[in-house]
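Below is one structure, written out as structure tokens; the observations come after it.
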Amino acid sequence: MARNLGGFLVLFLAISICEAASIFQPISDSHRSAALELFSPADGSFGSLEETYEALRTFEILGIKKRPDISTASCQSVSETLGSSTSSLKDVFHALKVNNILKCKVNDETFQGVAKRLKAVLNDASSLLDFYYSIGSLVLIKDQNSEVDVLLHDADGVFRSIKALSQSDGRWRYSSNNPESSTYAAGLALEALAGTVSLASSEIDQSLIVTLKNDIVKLFDSIEKYDDGSFYFDEKLVDAREHQGTLSTTSSVVRGFTAFASVTSGSINVSGDKILGLAKFFLGIGIPGNSKDFFNQIDSLACLESNRVSVPLILSLPATVLSLTKKDQLKVKVNTVLGSSAPPLTVKLVRAFISGTKDSSVIESLELKFDPETAVHFLDVLPKSVDVGNYKFVFEIVLHDSEDKNVYATGGQTQVPVFVTGLIKIDNAEIAVLDSDHDSVETQKKLDLAGENAVSLSANHLQKLRLSFRLATPRGNIFKPHQAFLKLRHETKVEHIFVVGNSGKQFEIILDFLGLVEKFFYLSGRYDIELTVGDAVMENSFLRAVGHVELDLPEAPEKAPRPPPLAVDPSSRYGPKAEITHIFRAPEKCPPQELALAFLGLTLLPLVGFLIGLLRIGVNLKNFPTSAVPATFALLFHLGIAAVLLLYVLFWWKLDLFITLKTLCFLGTFLMFVGHRILSHLASTSAKLKSA
């Protein structure tokens, strides 16, 4: 464990800063870069029209100009989908959404045919998805072609049909045959009802609108909350086929709620704090890892950005770590969720207190200055009462125009964790060897803990080792770090760690070797000394080698504890091994080239004699079969023998033994088969001649 002390210190400092309460940041360029990575078409197009729309809509919201060119392939898919009478409602819906962005060339007859089909579906619709896709498609046609009649003459009836699927808690069912209700379905229903209102040829019965607004309030009563102030909707149907995750469920409700609010007059009794909490939920996700979640996040934030009920404003800090040494300014930005400028306002620092001590404030009621060029609210210099440490800053947004209070949601007071860091002054550092009897100093040396040290000490088991130093903040106050360790490492790599305590203004540790002989396993010899001092707000945290002490301990008794086995270094176990140098057998001495060639000639001489004798005597083909089948087998048999001879030549030339044996096994089986057939034929022919 001691071996990893340095890594643990770094990890601790990082976690201490990251453990702060969630800090919400508006959409930034990192989201734009992620969008181009997540929405990457294959061969100039996406897998479906739904994916195409999600990509185009995301690019449109984020204002990405340099995006993949998918217009040609997408418009072709849109035309085919809208022109086909067998296309599903979902495909038609997303084709119209894509067309709404790309403005493909779709003629009036196609729009009229699609509208006629959608109205026919709407008349017989019984499920929520049929209503959602057909009404949503008619709204899109209305926006894209004003010549097509898409108005609903029985809008009240359609409204009541959708409303009949609602539940008393504000959730919806997918169909009358499905008794289970869903929060995700509630968002779809609100979108469908908003479309019904916009398509109505005459005004909808206001009692239906009022009832639906009450249902929305009931739906928001079931909203859930995280400790960081973010709100979200969760799907209750755990085992249902239509179950959706928290992100998609919350996104569905936000789309439906904002869509309905945009087409109706009057207020909806949903507090601005809940809308701001929804914005914090989407921003708190960071950058999702898949395209579907990324689209839901960005599209929902766009809906909240332009919603009619209350537009959330996000207070963020470009930096939550401020250095007293560098005289960093406290900077605060206020934007909408997509990073747009906020209306005229003032940011007040209501109070600031050390984390864990809310009763005592170090700052109270300060108004931040505003720089119109950078749109940043700032505090020039931190007050003298602010020293290094972990603080909670409480901000409040005050809108200048009273009318903006009805448009924007500020969330009241916002609490943000802030780390104030600085260079810690280290002085009065010294190390000494003391006599046990009277604690008189035998050897004492000064230390420079900001630089290098190479102290050499010696002691025995009747003496003590004392290390002391002082730490002060840039404001001159006493500083108590989170970590202060003294480590002694024996030359056998056995390590011992001690916590350095503080008494008043001084950090001091005294090691009484007489009481530590068993802990040190009676190991005499050289001990290297290391001091570790670290804190999340200490800019000059260090792990410093102080020097060494030669320790003389008594001999170990028989039953004394033994040092533990040394831990195996993972780098030595799994790291690169030492290179192995192979010593090959020296090649045997070869004969002279002339002798080798002469021997080759002698080995070839019998073959030459055989060929000459064959030419002189001639080839006897009298018994060669004349009928087709036996002649074929005879020919294959001779070719097989030739192949075996060729295999021997190849083996001598380039093939290894394993390949040769495998090939010879195949050729031997082949020769056995054809040889048996031809020998059977010859035996049969010979028997017939003898009997004749």
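The values are calculated or read from the model by the stated rules, or taken from the named source; none is laboratory data. Being a predicted model, the structure only gives us computed values, none of them experimental. In this analysis, Cβ positions are derived from the backbone assuming ideal geometry, glycine residues included, and neighbour counts consider all displayed protein chains. Just so you know, the surface numbers come from the protein's heavy atoms only, side chains and all, with ligands and any DNA or RNA stripped out. Shrake-Rupley method; radii C 1.70, N 1.55, O 1.52, S 1.80 Å.
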* Alpha-carbon centroid distance for the pair region 499-543 / region 171-233, whole angstrom -> 64 Å
* Asked: Using bins 5 angstrom wide from zero, how does P(r) for region 179-314 break down, in % of all Cα pairs?
  -> 2, 10, 20, 24, 21, 13, 7, 3, 1, 0
* To do: Under 20 Å from a label point 7 Å along Cα→Cβ of ASP156: give me every residue in region 254-281 with its amide N that close.
  => 264-265
* Structure fact -> Rounded to whole Å², per residue accessible area for region 261-351 with a 1.4 Å probe reads 37 Å²
* Volume in Å³ per residue [convex hull over Cα atoms, computed for region 166-220] -> 82 Å³
* In whole angstrom, note down how far apart the Cα centers of region 581-646 and region 85-103 are. => 77 Å
* **Sparse-neighbourhood loop sites, trypsin sites (Lys or Arg not before Pro) in region 481-565 - DSSP loop, at most 15 other Cβ within 10 angstrom** => LYS493, LYS505, LYS519, LYS559
* Roughly how large, in nm² to one decimal, is the mean projection of the convex hull of the alpha-carbon atoms in region 17-99? -> 7.4 nm²
* Applying 1/(1 + (r/R0)^6) with R0 = 56 Å to the Cβ-Cβ distance of LYS493 and GLU588, what FRET efficiency is obtained, to the nearest 0.05? -> 0.65
* To do: Check region 83-168 and count each lysine pair with an alpha-carbon distance under 20 angstrom, considering only pairs eight or more places apart or from different chains.
  => 14
* To do: Report the GluC sites (Glu not before Pro) located in region 191-239 that are in a DSSP loop and have at most 15 other Cβ atoms inside 10 Å of their Cβ, or state none.
  => GLU203
* Full-extension gain in nm, ILE641 to THR86, via 0.36 nm per residue minus C-alpha separation -> 193.0 nm
* To do: Pull up all non-local amide H partners of LEU434: gap of 5 or more, or a different chain, and H-to-H distance under 5 Å with H placed in the peptide plane.
  => GLU442, LYS464, LEU465, ARG466
* Structure fact -> The lysines whose Cα lies under 27 Å from the Cα of LYS480, excluding any fewer than 8 residues away in the same chain, are LYS326, LYS327, LYS358, LYS384, LYS392, LYS425, LYS445, LYS446, LYS464, LYS505
* Counting only residues 5 or more places away or on other chains, whose amide H sits under 5 Å from the amide H of ARG475 once H atoms are built in the peptide plane? -> VAL388
* Asked: For region 496-612, what % of the accessible area comes from carbon and sulfur atoms, probe 1.4 Å?
  -> 63 percent
* Asked: To the nearest 0.05, what FRET efficiency results for ALA578 and TYR648 with a Förster distance of 56 Å applied to their C-beta separation?
  -> 0.80
* Asked: Per the 1.4 Å probe, what fraction of the accessible area of region 67-211, in percent, lies on carbon and sulfur atoms?
  -> 45 percent
* Asked: Expressed as a fraction of 2.2 N^0.38 Å, the rule-of-thumb size for a compact globular protein of N residues, what is the C-alpha radius of gyration of region 408-530?
  -> 1.43
* To do: Pick out the long, greasy-scoring helices in the chain: whole DSSP H runs spanning 15 Å or more along their own axis by Cα, mean Kyte-Doolittle at least 0.0.
  => 5-18, 71-83, 89-102, 128-144, 183-199, 206-221, 246-263, 272-284, 593-617, 628-653, 657-691
* Calculated over region 174-253: convex hull of Cα atoms, volume per residue (Å³) -> 117 Å³
* Structure fact -> Taking a straight Cα-to-Cα line shorter than 17 Å from LYS274, and setting aside same-chain aspartates and glutamates fewer than 8 residues away, one finds ASP215, ASP221, GLU224, ASP227, ASP228, ASP234, GLU305
* Asked: Taking the simple approach of a point 7 Å from Cα along Cα-to-Cβ for both ASP380 and PHE666, what is their distance in nm?
  -> 9.1 nm
* Looking at region 363-429, which trypsin sites (Lys or Arg not before Pro) are DSSP coil and have at most 14 other C-beta atoms within 10 Å of their C-beta? -> LYS384
* Return the sequence-ordered ³J(HN,Hα) values of region 540-551 in whole Hz as given by the Karplus equation 6.51 cos²θ - 1.76 cosθ + 1.60 applied to θ = phi - 60°, using x for Gly and Pro. => 10, 4, 8, 10, 10, 7, 8, x, 8, 10, 8, 10
* Asked: Could you list, bin by bin from short to long, the percent of Cα-Cα pairs of the chain in 10 Å steps?
  -> 2, 10, 13, 13, 10, 9, 10, 10, 9, 7, 4, 2, 0, 0
* **Two-site FRET efficiency, GLU60 against ASP404, from Cβ-Cβ distance with R₀ of 35 Å, rounded to 0.05** => 0.85
* **Calculated log₁₀ intensity ratio I(q)/I(0) where the Debye formula runs over C-alpha points of region 75-123, q = 0.17, 0.18, 0.23 Å⁻¹** => -0.43, -0.48, -0.79
* Structure fact -> Carbon/sulfur accessible area of region 310-392, % of total, 1.4 Å probe, equals 50 percent
* Euclidean distance of C-alpha centroids, region 26-54 and region 419-446, integer Å -> 61 Å
